Amino acid sequence: MSSTEIKSERYDFKTIEAKWQRHWQTSGLFKAPAKPDPKNKFYMLEMFAYPSGDIHMGHFRNYIIGDAVARWQMMKGKDVLHPFGWDSFGLPAERAAIKRGIHPKEWTMSNIEASRKTLQKVGILYDWDREVVSSEPDYYKWTQWFFIQLFNKGLAYRKKGFVNWCPEDKTVLANEQVKDGRCERCDTLVEKKEQVQWYFKITDYADRLVDGLDTLEGWPEHLKAIQREWIGRSYGAEIDFTIEESGEKLPVYTTRPDTIYGVTFMAISPESEILNSLNLDSEKQQQVDEYRRAAMAKTDIERTAASDEKDGVFTGKYAFNPFNDEKVQLWVADYVLAGYGTGAVMGVPAHDSRDFTFAKKYDIPIKVVIHPNKDTMLNVNEMDDAYTDAGPMVNSGEFDGLSGQEAIDAVTEHAETHNIGRKKKQFKLRDWLISRQRYWGCPIPIIHCRKCGEIAVPEDQLPVILPDVENFIPKGRSPLEDVPEFVNTKCPECGGEARRDADTMDTFVCSSWYYLRYLDAKNDKAPFDKEKADSWLPIDLYIGGITHATGHLIYFRFFQKFLKDIGWSNFEEPAIKMFNHGMVSDASGEVMSKSKGNVVSPISLMDQRGVDVTRLAMFFTAPSAKEVLWSDNSLTGVEKFVLKKLYPLNEKFRSSGCDLKQYFKKSDISESDWKLYLKLNQTIKRVSESYQQLHFNTAISALMELIRDYEQSQLKSDQLNDYIIVKAVQLIAPMAPHLAEELWQQFGLADTGSIFKSDWPEFDPEAITSDTVKIAVQINGKLRDTIIVAVDCDQETVEKAAFDSSRVTSYTNQGEIKKIIYVPGRILNIVVK
RNA sequence: GCGAAAGUGGCGGAAUUGGUAUACGCGCUGGAUUUAGGAUCCAGUUCUGCAAGGAGUGGGGGUUCGAGUCCCCCCUUUCGCACCA
């Protein structure tokens, strides 16, 4: 007979778990009201999940945090909304379906079924009535509706451009989906292709996306920093250079207009259109064409890998610096990015490292126009890198002597008044490329008519249904292209022959608004009802991985802002608090993965040791934000605690019928009982604070201490005995819900309803501090003794008590007492010299 | 290279934010019980020292009566950005 079986005779977790999971579902414990009291609501949300069918330790951790918080908030009397749904469109489903030779829809739906059951088995409570499935027409109808709203405002548009192309997945990717020049999903090197694609004009919201971060006090600073950097706002000036002969304007963006007199060349990106209109000599033209071809054939990695290598080709043409009419060489160089600024830069080798490297390589003149300060001069021949800091301008005509922001402002102002430039703000953020050449996604609701152009599908004709097709294997162009009954249609404007857009949307579009659909999931007239949605918004706590910092977490903020602009919401930001939990790795710190064979399934663990034990073990191992190095040893301590201490409380309960709402009075109970009552109230305080910070590990250790002290004392008062037991069980309930609910019933309290409908314990402010305190007595800051005194004791009495100790006097006798510092209730420090 | 966060026993981690460092748990050591193993119970467990004592929160300096906590320099680790002009 194994030990587990012996234990389970007493704590039969399988029966208990099944019983309460059934009960919570049938009683609708987590059914949220349609409209809550906005001042007393809590919207708890974990990130939209792809239905993979199983659940790994990382998911498990994510979900139990959300579950514990939701249950806790419910006990605190809040109207709680805790919904769940499935991000079911996209590549993984399609890939899995191809592998198994079944349709993605079939695969998706059976996975959702399995995943939902798993979550229920883990005891995670959601309001399943609000479940959404992004690949179902009743959901993606509204994804299309959003597209059309954006389209109508000019925020969804098509343009030709160089895009990231993944040759493995045979689709284009957004900038956010390319990591280190590789496809985020399959790690294939991304190529560049010039194609017409759909974009969302997120750059229109760039300022608000940056500025809004300052209002998000509940978001981790680290995460906000990542977003700020990604959006990459910078201030500078655009300055118009002029091309020799043609006189054509060639504007450049610079953050350092104060270096304008140091320009010795200009460089244009190989992708730039300007190069086509330069009228180059045939020899130069050939060299330039060849360079452009070579540069564009390179992947981003190749182009950026050797970042200290800079190369380019001289075009044979010149441009004029509008500030001093100096003639400078015009180059093509692939270190200049096409998508940023104007796709051309002014080269200031003395004050920009990249320009410096480039100029050195091609013997382009270097001209110093900034000095570190008035007394330190730069000598071109001695420079081995550019001087990029601020400093007084020199060799700059009327601007000499100005420095820093003052210099920048003066130069910019000069440019503006002479109409040769202007103040400019730039962003690194690009528009969001949302079209994909894949089958399993939300169709783009646009009809292309030869006469009328791009026409949005009228709203009453939504959804544009994704047709059921046999052959959805990616081949480099949209599979829907080859479905005539889908593509061929009539123009809604003129009624003539027209074609449907055959691309599907990036799944990140689907997940940009799902949090709103939960608020009115069944609405077939609108994506949601504004009143209902605004009564729940914003999300009070949003839990998910930091990996989405520059993707989803920017996109959904963009959508919320857009909704506000079109009058569909009163809120500017979707989530007031964001929390990133740490990863779960194996015991040696390796990420768990199938190929490494180190994956621990939370499901089999829970089968063997119980859901609540597994939950508590995960909570206890580390604070939620930190990485967990999981080993099954993590279970040992909490398992003992549950089996030997917590569950056996049912035998210690005395059924005294105590009043849970009352506080005890010191005069009514014995001194030793009072001591434990103090411990209880300190524990309530500590545990509540721990929940607030999602530091469940310290909540558990506080409860372990309480139960330890409880067992060591024999309580005289039956009332207090029961009071402490019940409060302790309430305190652990959000983390170990089945166990707590079971004990609650065994205590005979179930008549009043679920433990999660009971009042979260409040500490008795009269019973936080004991009336005696231990004071540390220090000599010169070093602990020498401790004394116990009354809490309201004055300094004189404490000193007297301290000097009664020979351990203290043996030090004070060795010198003169210079000073005595007393921190009431804590420390007495005697300075001896 | 730039930016951010972190560094506490053998291990996971605590420390009311400047006030008794190492709570709670794991592991380990000794003892009890047991035919044995496992399980359980009791005691111990930062290092050093027989002890009194001394040292001690990555290293070095500083502020303070008092520093894991604040300031400066350095080292290490993790993460993010990486030609954004």
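The values are calculated or read from the model by the stated rules, or taken from the named source; none is laboratory data. Just so it is clear, the model here is predicted, and its values are computed rather than measured. Every residue, glycine as well, gets a Cβ built from its backbone with ideal geometry; the counts of neighbours run over all protein chains shown.
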(request) Inspect the range A:531-538 for any residue being surrounded by fewer than 20 Cβ atoms within 10 Å (Cβ to Cβ), free of Cβ contacts under 8 Å to residues at least 60 places away in the same chain and polar (S, T, N, Q) and give the result as yes or no. (result) no
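Restricting the range A:390-403 to residues that are touching a residue at least 24 places away in the same chain (Cβ under 8 Å) and out of contact with any Leu (no Cβ under 6 Å at 6 or more places or on another chain), which is nearest to residue A:261 (Cα to Cα)?
Restricting to residues being touching a residue at least 24 places away in the same chain (Cβ under 8 Å) and out of contact with any Leu (no Cβ under 6 Å at 6 or more places or on another chain), the top hit is A:396.
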(message) Every residue in the range A:629-665 that is surrounded by 14 or more Cβ atoms within 10 Å (Cβ to Cβ), over 24 Å from residue A:742 (Cα atoms) and at pLDDT 90 or above, please.
(response) A:663, A:664
(request) Could you check how many residues of the range A:604-628 are buried (at least 20 other Cβ atoms within 10 Å of the Cβ) and more than 8 Å from RNA strand B (Cβ to nearest atom)? (result) 14
(request) Kindly indicate the residue of the range A:239-271 that is near RNA strand B (Cβ under 10 Å from one of its atoms) and either surrounded by fewer than 19 Cβ atoms within 10 Å (Cβ to Cβ) or in a strand (DSSP E or B) (or both) and also nearest to the chain's Cα centre (by Cα) among those meeting that condition. (result) A:255
(message) Consider the range A:744-788. How many of its residues are in a loop (DSSP other than H, G, I, E, B) and small (Gly, Ala, Ser)?
(response) 6
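Tell me the strands (runs of 3 or more DSSP E) entirely within the range A:354-463 that contain at least 1 residues that are at pLDDT below 90.
Passing ranges: none, list empty.
Can you confirm whether the range A:335-354 contains a residue that is among the hydroxyl-bearing types (Ser, Thr, Tyr), buried (at least 19 other Cβ atoms within 10 Å of the Cβ) and within 13 Å of RNA strand B (Cβ to nearest atom)?
Checked against the condition, which is being among the hydroxyl-bearing types (Ser, Thr, Tyr), buried (at least 19 other Cβ atoms within 10 Å of the Cβ) and within 13 Å of RNA strand B (Cβ to nearest atom), the range A:335-354 yields at least one hit.
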(request) Would you check if residue A:797 is within 30 Å of residue A:697 (Cβ to Cβ) and of a type in the set (S, T, N, Q)? (result) no
(request) Test residue A:292 against the criterion of being among the basic types (Lys, Arg) and touching a Leu at 6+ places or on another chain (Cβ under 9 Å), and give yes or no. (result) yes
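Residue by residue, here is whether (1) over 24 Å from residue A:473 (Cα atoms); (2) assigned by TED's automatic domain parsing to the domain that holds residue A:443; (3) crowded, with 20+ Cβ neighbours inside 10 Å holds:
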site: A:105; (1), (2), (3): no, no, no
site: A:110; (1), (2), (3): no, no, no
site: A:116; (1), (2), (3): yes, no, no
site: A:120; (1), (2), (3): yes, no, no
site: A:131; (1), (2), (3): yes, no, no
site: A:134; (1), (2), (3): no, no, yes
site: A:162; (1), (2), (3): yes, yes, no
site: A:168; (1), (2), (3): no, yes, no
(message) When you scan the range A:725-738, do you find a residue that is under 18 Å from residue A:640 (Cβ atoms), within 13 Å of RNA strand B (Cβ to nearest atom) and in a helix (DSSP H, G or I), even just one?
(response) yes
(message) Just to be sure I understand the filter: pairs with C-beta atoms under 8 Å, separated by 6 or more residues or on different chains, first member in the range A:171-185 and closer than 14 Å to residue A:549 by Cα, second member within 11 Å of RNA strand B (Cβ to nearest atom) and in a loop (DSSP other than H, G, I, E, B). Which pairs pass?
(response) A:175/A:430; A:176/A:550; A:176/A:551; A:177/A:184; A:177/A:551; A:178/A:184
(request) Return yes when residue A:783 is in contact with a Leu (Cβ under 9 Å, 6 or more places away or on another chain) and either surrounded by 14 or more Cβ atoms within 10 Å (Cβ to Cβ) or outside the structural domain of residue A:675 (by TED's automatic domain parsing) (or both) and no when it is not. (result) no
(request) For the range A:25-60, name all the residues that are surrounded by fewer than 24 Cβ atoms within 10 Å (Cβ to Cβ) and in a helix (DSSP H, G or I). (result) A:25, A:26, A:27, A:38, A:39, A:40, A:57, A:58, A:59
(message) For the range A:597-635: of the residues being within 28 Å of the chain's Cα centre (by Cα) and among the polar types (S, T, N, Q), which is nearest to residue A:700 (Cα to Cα)?
(response) A:621
(request) Consider residue A:280 carefully, then state whether it is more than 46 Å from the chain's Cα centre (by Cα), in a loop (DSSP other than H, G, I, E, B) and hydrophobic (A, V, I, L, M, F, W, C). (result) yes
(message) Give all pairs with beta carbons closer than 7 Å in which a residue from the range A:631-656 that is away from RNA strand B (no atom under 15 Å from the Cβ) meets a residue that is in a loop (DSSP other than H, G, I, E, B) and of a type outside the set (Lys, Arg); count only pairs at least 6 apart in sequence or on separate chains.
(response) A:653/A:747; A:655/A:748
(request) Take the range A:291-334 and flag every residue that is more than 16 Å from RNA strand B (Cβ to nearest atom) and free of Cβ contacts under 8 Å to residues at least 12 places away in the same chain. (result) A:293, A:325
(message) Let me spell it out: the conditions are (1) in the same structural domain as residue A:725 (by TED's automatic domain parsing); (2) under 28 Å from residue A:584 (Cα atoms); (3) touching a residue at least 24 places away in the same chain (Cβ under 8 Å), and residue A:690 meets all of them except one. Which number is the exception?
(response) (3)
(request) Among what's in the range A:799-833 and is part of a helix (DSSP H, G or I) and more than 13 Å from RNA strand B (Cβ to nearest atom), pick the residue that is modelled with the lowest pLDDT. (result) A:812
(request) Being more than 22 Å from residue A:237 (Cα to Cα) and in contact with a Phe, Trp or Tyr (Cβ under 9 Å, 6 or more places away or on another chain) narrows it down to one of A:458, A:445, so name that one. (result) A:445
